[in-house]
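The next block holds one structure in the form of structure tokens; read it before the comments.
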Amino acid sequence: MLRELVKKYKVARGEKKREAAWAIVREAARFSTVEPYWEFIRGEFGVNPSHIKDAMRFLEEIGELEIKRSADGKRLWVMTLRDIKRNPVKLDRWLSTSKRPPTK
């Protein structure tokens, strides 16, 4: 499933790309409690972690997702996915009402 979503994301444009990116993030969030996460994604689905990160970066660029960051500025990919898994409706509602410009 995740592999097909990544393929759709790569060829999509505009609104379809946004929808495909959200589908990837939601599907990836389902497995965010598995450790080690990136090895599990690579082994179980055959998906390179950079594809999931790319979808998350795209959503951050258009202002629909905020990737958590550590104190030194590194992105916390899995923690962001865990939050999406725990609070999908609340997070989506917050994102749709957020008026903040995207962070760089």
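Every number here is computed from the coordinates shown, using simple stated rules; none is lab data. Just so it is clear, the model here is predicted, and its values are computed rather than measured. Neighbour counts are summed over all protein chains in view; Cβ atoms, including those assigned to glycine, are modelled from backbone coordinates with ideal geometry.
Could you tally the net charge around Lys16, taking each other residue with its Cβ under 13 Å from the Cβ of Lys16, Lys/Arg +1 and Asp/Glu -1?
Numbers: positive: Lys7, Lys8, Lys10, Arg13, Lys17, Arg18; negative: Glu15, Glu19.
The answer is +4.
When region 2-97 is described by a simple charge dipole with +1 on each Lys and Arg Cβ and -1 on each Asp and Glu Cβ, the residue from Ser50, Ser70, Thr80 located farthest towards its positive end is Ser50.
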